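See structure below.
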Amino acid sequence: MQFPVIYSVKQKFNVTSLPDVKASVHEVFAHFDPAGRITPGQTVAVAVGSRGTHDLKDLVTATVACLKSLLLKPFIIPAMGSHGGGTAEGQRQVLAELGITESSVGAPVVSSMDVVSLGRVASGAEVFFAKDALDADHIVAINRIKPHTAFRSEVESGLCKILAVTENALGGTHSLKLARPQEFVEVDRQFLETAWKLLPRIPLDDLDVLLVDEMGKNVSGAGMDPNVIGFWRREGGLRKPDYRILVVLDLTPHSHGNATGIGMADLTTRRVVDSIDWDATYLNAFTSGVLRSARMPIAVENDRLALEVALNRTPDPNRLRMARIVNTGELETFWATEALLPELRAQKDITVDAAPLEFQFNDQGRLLPATN
């Protein structure tokens with residue numbers, strides 16, 4: 001099969017970010033008045049997530065230092081649900097890969113899956129809380145606030161955080177705030193509004209094919225961000241954006257085989273299937289309640305065949321609307337076929353390279369990285 005040429009496209013995002021994240025953390029703590037709520041020597045569980053928060057090590061290190069300056073005793077606990085295979089050692093490993101260890105942040109890492117039941121809510125659902133966090137005198141949670149991948153509300157992903165963080169389209173830390181419990185909901189609302197404005201997207205709502213080089217838990221909790229590829233692929237509803245065939249070629253090593261979100265793809269490769277840890281993937285699907293996230297798309301032998309199958313399903317190869325992205329978290333540069341160029345060139349803050357590029361594969365049919 002003769003593959004179409006593609007063109008490199010660059011889009012300009014709002015990349016406003018804090019110049020010194022550690023200094024910003026110290027600044028917000030400097031304005032924090034504990035008002036008799038703390039006593040020297042008390043313990044603080046610093047809850048650290050796994051969702052690839054930018055500047056995470058700096059955020060945690062500075063938070064630990066600020067808590068120590070208040071004569072408190074901070075320790076780190078993983079706050080990541082079923083990630084890391086839902087095991088204490090697996091979650092400790094996830095934190096280590098994110099640069100969070102006792103030696104790097106200055107506080108011990110306490111990882112345990114022990115929980116305590118807090119009782120039941122009106123619906124009958126039982127509420128559990130991490131025992132290590134409950135045993136601490138205080139809790140500080142560090143996480144980014146962003147549009148959720150599974151529902152819509154005034155408060156979404158990262159519900160009611162304490163040290164609230166928003167990121168720009170390239171992942172840089174845009175803003176942060178130290179919030180008291182009574183401020184949680186309002187801060188989440190404000191930061192979510194900002195996060196929606198900063199969310200990176202593909203500037204096209206109609207594609208025959210979207211080719212995704214990789215998916216993974218370090219890219220999005222859903223493997224691929226449904227806010228980028230189409231919320232309908234995970235939850236149904238309006239097909240906007242409408243990317244009719246979605247092809248996923250690889251799973252990031254940092255996912256450790258957790259392929260949650262693979263169910264949103266139409267086509268993938270045997271390489272992806274062979275790298276899946278089914279226990280970790282199913283556990284994530286069970287705990288999130290999104291069972292369809294672990295469904296399997298059609299898996300073909302290699303990248304070349306996956307692309308051939310996708311192109312054979314397009315109505316007009318001569319007017320093919322196809323884009324290629326690295327992953328849903330890296331959208332500053334992507335690649336598009338010729339039929340899309342007039343639409344892209346008409347948009348603000350988008351530059352299209354004039355040089356056409358060809359799809360290149362190795363001897364095993366694996367697609368090589370796009371290069372200008």
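Numbers below:
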{"quantity": "Residues of the range 214-238 that turn out to be surrounded by fewer than 18 Cβ atoms within 10 Å (Cβ to Cβ) and touching a residue at least 24 places away in the same chain (Cβ under 8 Å), as a count", "calculated": "1"}
{"quantity": "Listing of strands (runs of 3 or more DSSP E) fully contained in the range 269-372 that carry 3 or more residues being closer than 20 Å to Asp250 by Cα", "calculated": "298-300, 322-325, 333-337"}
{"quantity": "Filter result for the condition that a residue is buried (at least 20 other Cβ atoms within 10 Å of the Cβ), of a type in the set (A, V, I, L, M), more than 30 Å from Ser17 (Cα to Cα) and within 21 Å of the chain's Cα centre (by Cα), over Ala280, Ala195", "calculated": "Ala280"}
{"quantity": "Residue within the range 41-51 that is farther than 24 Å from Glu97 by Cα and of a type in the set (D, E, K, R) present", "calculated": "no"}
{"quantity": "Any chance Pro297 is modelled with pLDDT of 95 or more and in the same structural domain as Leu251 (by TED's automatic domain parsing)", "calculated": "yes"}
{"quantity": "Residue selected from the range 83-97 under the condition in contact with a helix residue (DSSP H, G or I) (Cβ under 8 Å, 6 or more places away or on another chain) and buried (at least 21 other Cβ atoms within 10 Å of the Cβ), by the criterion modelled with the lowest pLDDT", "calculated": "His83"}
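The values are calculated or read from the model by the stated rules, or taken from the named source; none is laboratory data. Computed from a predicted structure; not experimentally measured. Glycine also receives a Cβ, built like all others from the backbone with ideal geometry; neighbour counts cover every protein chain displayed.
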